[in-house]
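Report on the structure given below.
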């Protein structure tokens with residue numbers, strides 16, 4: 001279980017700095033697909049960086065199975081939004097996927113097999129020897145996902161991973177993620193600003209407030225599995241949940257606008 | 001000239017083969033013009049191109065000529081190699097550790113502003129007139145563009161790239177050689193591109209003041225003994241050497257940066 005307790009993150013600066021997150025607490029169960037949505041300007045990326053161990057919290061604790069996180073944990077993988085910068089452009093697709101495995105205590109042959117499997121999983125078996133720049137944006141993000149899958153993480157952290165691809169590719173990648181999750185049972189913590197995406201993918205959606213962010217509410221998504229872009233999104237329950245999440249975010253933005261005025 | 005003619009020429013200049021053809025054409029015209037103007041020259045200071053080329057062909061393939069040429073190339077290679085090693089190592093350190101950068105930057109700017117040739121007397125005192133002095137001077141002059149470009153590149157390393165390395169526990173030597181060095185490589189290569197012609201200048205200068213061998217030595221020696229044809233032949237060889245070095249370096253650069261997105265490189 002991933003447990004976040006009273007998390008606070010303040011960036012140093014004038015007037016006491018900028019507090020992106022304050023008093024944030026929640027728990028993510030093993031194997032859960034947990035999505036964080038919120039208005040832009042909420043400390044979503046800050047929160048993910050803290051969970052991933054890339055950024056130290058100012059106060060509060062984050063722990064995985066009772067072990068506090070104080071640096072990137074071995075069993076976590078991260079998929080960044082900016083795929084073009086998270087892949088090593090000088091390495092082939094296969095070498096990129098293999099990169100985190102080298103020290104993971106596997107011999108060359110099982111490593112190669114893991115790479116092949118992960119690339120096949122994301123539908124890029126034929127692109128193994130290409131360089132990232134020869135692939136489209138969606139394909140590059142598939143490589144980043146393959147790298148994360150091959151790593152076999154316990155927790156997969158994704159920071160708006162599909163924000164910069166076109167709508168069709170986005171739908172494909174969402175379904176790919178659902179399939180991977182189905183097959184591996186990986187815990188996934190997913191940040192997005194897209195309400196439809198959050199409801200479609202998740203078991204639970206956490207709505208966070210504007211900074212200093214805390215959890216506003218957590219909405220359970222009891223939609224049936226397997227999910228389908230057309231069938232699931234046509235369900236009345238989907239529309240209801242979407243309206244609930246969307247409505248709450250709009251309320252928050254509206255309240256904030258009133259408070260600012 | 002008609003409009004169609006101009007567009008045709010422009011298209012020729014845009015194509016890769018067309019560009020080479022135009023370049024060769026330009027060089028040919030220049031050589032022909034030189035030989036035409038100097039062809040009937042009676043002036044001993046400006047001998048005819050044909051005579052210079054004859055002397056070049058006669059002197060430089062002899063054991064003495066080859067010996068002088070290889071001596072120069074060895075010095076050049078050693079000096080440039082040393083500059084790359086020191087420049088990249090120091091540049092990576094300065095670029096990645098802000099404390100070091102803030103401490104050494106003002107001093108660096110000062111030392112860098114001193115022309116390397118100003119240190120010729122000091123270098124001769126320190127090393128005598130041997131190869132060490134020449135290598136020292138070349139390395140000293142060439143290290144700055146490499147160091148500063150590397151430091152700049154290391155400072156500007158992409159945060160997501162480094163985060164990726166951290167998340168996946170790529171650390172130590174694997175991080176340095178597998179992530180940092182390739183990421184900085186384009187900037188290192190820019191620095192070396194600036195350093196190559198500099199190294200040639202410093203090589204000739206150092207050979208002119210203190211040496212018993214080398215291209216610069218041959219040129220000054222020929223001038224002192226009034227063998228102006230040999231002097232000119234040395235200058236021609238130097239020009240050819242510079243051209244070959246730059247061309248070879250461009251090819252090397254393209255080879256090393258094949259992974260770059262051509263669109264991103266040109267923008």
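Take the conditions (1) out of contact with any strand residue (DSSP E or B) (no Cβ under 7 Å at 6 or more places or on another chain); (2) at pLDDT below 90; (3) more than 14 Å from every other protein chain (Cβ to nearest Cβ); residue A:193 misses just one of them, which is (1).
Applying the criterion of at least 3 residues that are assigned by TED's automatic domain parsing to the domain that holds residue B:77 and within 19 Å of residue B:81 (Cα to Cα) to the helices (runs of 4 or more DSSP H) found wholly in the stretch B:159-267 leaves B:181-209, B:228-256. What do you reckon, is residue B:57 under 30 Å from residue B:182 (Cα atoms) and surrounded by fewer than 16 Cβ atoms within 10 Å (Cβ to Cβ)? For residue B:57, the condition - under 30 Å from residue B:182 (Cα atoms) and surrounded by fewer than 16 Cβ atoms within 10 Å (Cβ to Cβ) - is not met.
Scanning the stretch A:123-145 for residues that are in contact (Cβ under 8 Å) with a residue 40 or more places away in the chain and closer than 13 Å to residue A:92 by Cα gives A:131, A:132, A:133, A:135, A:140, A:143, A:144. Given the criteria touching a residue at least 12 places away in the same chain (Cβ under 8 Å) and either touching a strand residue (DSSP E or B) at 6+ places or on another chain (Cβ under 6 Å) or on the phi < 0 side of the Ramachandran plot (or both), does residue B:62 qualify? When the stated conditions are applied, residue B:62 does not pass them. Entry remark, the stretch A:141-157: residues being closer than 15 Å to residue A:82 by Cα and surrounded by fewer than 24 Cβ atoms within 10 Å (Cβ to Cβ) number 0 in total. None of B:166, B:187 is surrounded by 16 or more Cβ atoms within 10 Å (Cβ to Cβ) and out of contact with any helix residue (DSSP H, G or I) (no Cβ under 8 Å at 6 or more places or on another chain) except B:166. Just to be sure I understand, how many residues within the stretch A:95-139 are within 11 Å of chain B (Cβ to nearest Cβ) and within 20 Å of residue A:153 (Cα to Cα)? Going through the stretch A:95-139 one residue at a time, the tally reaches 10. Criterion first (outside any helix (DSSP H, G or I) and surrounded by fewer than 21 Cβ atoms within 10 Å (Cβ to Cβ)) does residue B:111 satisfy it? Spelling it out, it is not the case that residue B:111 is outside any helix (DSSP H, G or I) and surrounded by fewer than 21 Cβ atoms within 10 Å (Cβ to Cβ). If the condition is being in contact (Cβ under 8 Å) with a residue 12 or more places away in the chain and under 15 Å from residue A:220 (Cα atoms), then the stretch A:230-261 contributes A:237, A:238, A:241, A:242, A:244, A:245, A:246, A:248. Checked against the criterion of being more than 13 Å from the chain's Cα centre (by Cα) and assigned to a helix (DSSP H, G or I), the stretch A:202-211 contains not a single residue that satisfies it. Looking at the stretch A:75-94 only, could you name the residues that are more than 7 Å from chain B (Cβ to nearest Cβ) and part of a loop (DSSP other than H, G, I, E, B)? Scanning the stretch A:75-94 gives A:75, A:81, A:87, A:91, A:92.
Evaluate the following for residue A:19: is it in a strand (DSSP E or B) and more than 11 Å from every other protein chain (Cβ to nearest Cβ)? For residue A:19, the condition - in a strand (DSSP E or B) and more than 11 Å from every other protein chain (Cβ to nearest Cβ) - is met. Annotation note: Cβ proximity below 8 Å between a residue of the stretch B:154-181 that is at positive phi and at the interface with chain A (Cβ under 7 Å from one of its Cβ atoms) and a residue that is in a helix (DSSP H, G or I) and surrounded by 15 or more Cβ atoms within 10 Å (Cβ to Cβ) (sequence gap 6+ or interchain) occurs for B:169/A:100. Taken residue by residue, the stretch A:147-158 has no member that is within 12 Å of chain B (Cβ to nearest Cβ) and more than 13 Å from residue A:76 (Cα to Cα). Comparison of A:19, A:5, A:10 shows that the only residue that is touching a residue at least 60 places away in the same chain (Cβ under 8 Å) and either more than 14 Å from residue A:159 (Cβ to Cβ) or surrounded by fewer than 23 Cβ atoms within 10 Å (Cβ to Cβ) (or both) is A:19.
The values are calculated or read from the model by the stated rules, or taken from the named source; none is laboratory data. A quick note: this is a predicted structure, and the numbers were derived from the prediction, not measured. Virtual Cβ from ideal backbone geometry, glycine too; neighbours counted across all protein chains shown.
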